[in-house]
Structures are given as structure tokens and as C-alpha cells.
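The values are calculated or read from the model by the stated rules, or taken from the named source; none is laboratory data. All values derive from a computational prediction rather than experimental measurement. Methodologically, a virtual Cβ is constructed for each residue, glycine included, from the backbone with ideal geometry; neighbour enumeration extends over all protein chains shown.
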Amino acid sequence: MDPLSWVDEQLTQLERADLLRTLPPPLRTAGASVELDGQTVVNFASNDYLALAADSRLIDAATRACHSSGVGRAASPLISGRSEIHDCLEQQLAKFQRTEAALLFPTSFAANAGIIPALVDRGDAIYGDAKNHASIIDGCRLARAERHIYPHADLDTLEQLLRQGSKFRRRLIVTDSLFSMDGDLAPIPQLAALAEQYQAMLMVDEAHAIGVFGENGRGAVEHFAVADPQLESRVHIRVGTFAKSLGSAGGFVCGSAPLIKWLSNRARTYVFSTAQPAGIAAAGAVALDLVASEPERRNLLLKKAQRLRQLLNQRGWDTGASVSQIIPIKIGSPAATMRLSEQLRQRGYWAPGIRPPSVPDHDCLLRLGLTAAHSDEMIASFVQTLEQVREYA
């Protein structure tokens, strides 16, 4: 008997439930318009929010770094993998986020999976938003602390859980700042107040907000700090990524010098992973400079997102609580969602259907990722096409 025979059975069950995922054809180009399976389509499936992934300045920086430092680093950062480029980028990150120090990870998934278990253990407690990203959820599962999941943005339930948790040695509140499927912002000022009141650590993942929100593009924490200048210092751990708005790859964490020293010793995904390629780090450094020098990218992006939400809402499409460049079109059933996504793709628009486990059952949606490269004509034409295929929802 084949010990892997169960795989075919499980795949059949996924297919019957309209939950089977297949790999899309590989892309030959990057940007708002991409070549997909021989067809040019407008791409709403990207997290390249500032349209930097194909920017020649990032490409040139990565190429130069590869020539000077090689392609791979061949060792973990604590052995011999950390280069001068990594050191400079960590200093640049700390300055950018106005913290004492920063630490690079191979990916932001690795960052969350390593940081959380390094902060809490047996005898501790974690409090996480129900709509946190999978990397946060898996980091919480890897930690041996007691886990408490509060309904999305439900501050009353969170406070009740914190009030009941005085027995724990350490407590950690962890949340996305900008939620990757709904496009809404976490109530960070209120979370900071609760963390302060109940002496909890507060960790915020800025993956989707970096480069887009805040006067200087530092993220949602900076965005909310306009009304509370002390807020940035009250968020103890800030995680981010270069893989979305910053057009490169890899994750990072910013915080106090003792925190970063502790994580470099105890975050297993840092200690036991090969260092990020120097070319990737060099591209990330250029992207940070562009966030500072070209604020018009994020300003224009958020204006376009507001316009797209208005057009969709005027036609009766439900975009939930989105206030960002991430715009969900809520459909409901997985079958209807995938039919609509396929009809759009046939007409030249790549708007991916999102199904469980990425979203709760019966909460399937089209997830639009708007970028600075999307034109007004692309947006208007997409909405018009969506109306034409509405019957498939």
C-alpha cells in the first residue's frame, strides 16, 4: 500500500469543495501589466504597492552587490553570512523607523515565526487578532505560551482577556497593522494604551503598511502617531518586509538595542538560517531611500485606492472596511468567487480569488492589490468589466 495514498483522497476533497489551488502560469514580466500564459493582463494580484520591484535603480544596486559580494552568503549571520551591506541596511532601518536597532531576516514569515517564540514561552500569554497573517499565527503556535485569540479589532474582548491574565509571567499583544485581506487598519493607539495599562509587550507587523502609510512612509504606527507623538515609542516590536512596497525581499524587526541583541541570540529562524543575499539587501536599501525621496508614490496610490473603492461601492460591490491599497470585493462562496475571477482573467484582468484557509468559510473574496503603476484608465476599465461579468458572482 502506498503510504502517500491519502494525498490523492485529500486533494479530491479539496476539489469537490472548490478549495483546490493550482499554480498559475509563470509571469514573464512585472508591473501593472503582465504577460500571463501568453496573454497581457492588468495585474491586481501584486503587493508591489509602490511599483518598485522592476525599478532600474533597485536592479542596478542588486547587480553591483552581487558582483562585489557574490550571489549567496553561504552561512548564517552569526557565523559568516552577514556582510557590510547587511550591517549598513540594519543601521538604515533603525534610523528609518527611529529605533535603536534593527535585525534582518530571510523573509518576514521567518521573522514572525522566530520573534514570537523568542519573546514568550511556558508561563506566558499571547493575545492575537483573529485576522492576523498566517506567519503571526504560526509564530504563536510555535511559542509554548498560552494563546488567546480575540475577534477582529475587538478591544473590549481583548481588555477582558488581559484583565483575566494577571497570572502570566509575560504577556504579548501581536497584530498586523494593515490587514492583508480586508485592507483595514488595526486600532494601534488603543492597543498601545491597553499594553501600557496591563504591562504587556506590543508587537505590530507593518508588512503591508510600510512605504504606504505615515508622513514618511514608516507605516501605520507613524500614521496614527500624528495624534499621539509618543505612540511610536509605545510599540515595542515593529516587524516589516522588503517584499511588498519596497520591491525586494526579506523581513526585518526594529526595536530597542537589548531587544535586537536578544532576538539575534534566540530567534531560531535568524540563528539557523543563511543570511539574506547581499544583492537583495542592497536593493532594499535603495527602496528605503526612494520611500523618503518620492512621497508622491504613496500619496497617489492612496488617492487611486479611494477612487477605486468609490467606484465599486457606487455599483453595489462590498469592499468591507478597507481604507488602503488592499481592496476586497466580498463574494461569499468559493465557487462564485473563482468563477468571477476566471471571467475577469479571460477579459484581461488578474484579480485573484481568495478562499479558505486564507479567509474564513463563506467569506471568500476577490483581493485587489493596487499599485502606483495602475492608471486611471486601468481602474475605470476594470470596474466596467466587473459589471459585465457580475452574473457569475
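Within the stretch 74-119, the residues that satisfy the criterion of being of a type outside the set (A, V, I, L, M, F, W, C), closer than 16 Å to ASP205 by Cβ and in contact with an Asp or Glu (Cβ under 9 Å, 6 or more places away or on another chain) are GLN97, THR99, SER108, ASN112. In this structure, does ALA193 turn out to be outside the structural domain of LEU370 (by TED's automatic domain parsing) and in a loop (DSSP other than H, G, I, E, B)? Judged against the criteria, ALA193 is not a match. Just one residue in the set ILE331, ILE280, ILE379 is touching a helix residue (DSSP H, G or I) at 6+ places or on another chain (Cβ under 7 Å) and either surrounded by fewer than 18 Cβ atoms within 10 Å (Cβ to Cβ) or assigned to a strand (DSSP E or B) (or both); that residue is ILE331.
In the stretch 144-169, the residue that is farthest from ALA207 (Cα to Cα) out of those that are of a type in the set (A, V, I, L, M) and either buried (at least 21 other Cβ atoms within 10 Å of the Cβ) or touching a Cys at 6+ places or on another chain (Cβ under 9 Å) (or both) is LEU162. Scanning the stretch 362-374 for residues that are touching a helix residue (DSSP H, G or I) at 6+ places or on another chain (Cβ under 9 Å) and either part of a loop (DSSP other than H, G, I, E, B) or surrounded by fewer than 20 Cβ atoms within 10 Å (Cβ to Cβ) (or both) gives HIS362, LEU370, THR371, ALA372, HIS374. The residues listed here are SER233, SER264, SER273, SER248; of these, the one that is crowded, with 24+ Cβ neighbours inside 10 Å, among the polar types (S, T, N, Q) and either outside any loop (DSSP other than H, G, I, E, B) or touching a helix residue (DSSP H, G or I) at 6+ places or on another chain (Cβ under 7 Å) (or both) is SER248. Checking each residue in the stretch 61-95 for being touching a residue at least 40 places away in the same chain (Cβ under 8 Å) and among the acidic types (Asp, Glu) picks out only GLU90. One residue alone among ALA130, ALA145 is of a type outside the set (Asp, Glu), in the same structural domain as HIS223 (by TED's automatic domain parsing) and over 25 Å from ALA220 (Cα atoms), and that residue is ALA145. So which residues in the stretch 121-153 are basic (Lys, Arg) and either within 20 Å of ILE354 (Cβ to Cβ) or in a loop (DSSP other than H, G, I, E, B) (or both)? Within the stretch 121-153, ARG122, LYS131, ARG144 qualify. State whether the residues of the stretch 89-103 include one that is in a helix (DSSP H, G or I), among the small types (Gly, Ala, Ser) and at pLDDT 95 or above. For the stretch 89-103, residues in a helix (DSSP H, G or I), among the small types (Gly, Ala, Ser) and at pLDDT 95 or above: present.
Criterion applied to ARG297, ARG345, ARG339, ARG307 was being assigned to a helix (DSSP H, G or I) and within 30 Å of LEU89 (Cα to Cα), and the one residue passing it is ARG297.
Residue-by-condition table, conditions (1) more than 25 Å from ASP156 (Cα to Cα); (2) over 21 Å from the mean Cα position of the chain (by Cα); (3) among the charged types (D, E, K, R); (4) surrounded by 18 or more Cβ atoms within 10 Å (Cβ to Cβ):
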residue	(1), (2), (3), (4)
GLN92	yes, no, no, no
ALA113	yes, no, no, yes
ASP124	no, yes, yes, yes
TYR127	no, no, no, yes
LYS131	no, no, yes, yes
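Residues that are at pLDDT 95 or above, β-branched (Val, Ile, Thr), over 23 Å from PHE252 (Cβ atoms) and not assigned by TED's automatic domain parsing to the domain that holds LEU370 are absent from the stretch 171-178 altogether. Looking at the stretch 29-71 only, could you name the residues that are modelled with pLDDT of 90 or more, hydrophobic (A, V, I, L, M, F, W, C) and either part of a loop (DSSP other than H, G, I, E, B) or within 19 Å of the chain's Cα centre (by Cα) (or both)? Once the filter is applied, which keeps residues that are modelled with pLDDT of 90 or more, hydrophobic (A, V, I, L, M, F, W, C) and either part of a loop (DSSP other than H, G, I, E, B) or within 19 Å of the chain's Cα centre (by Cα) (or both), the stretch 29-71 yields PHE44, ALA45, LEU50, ALA51, LEU52, ALA53, ALA54, VAL71.
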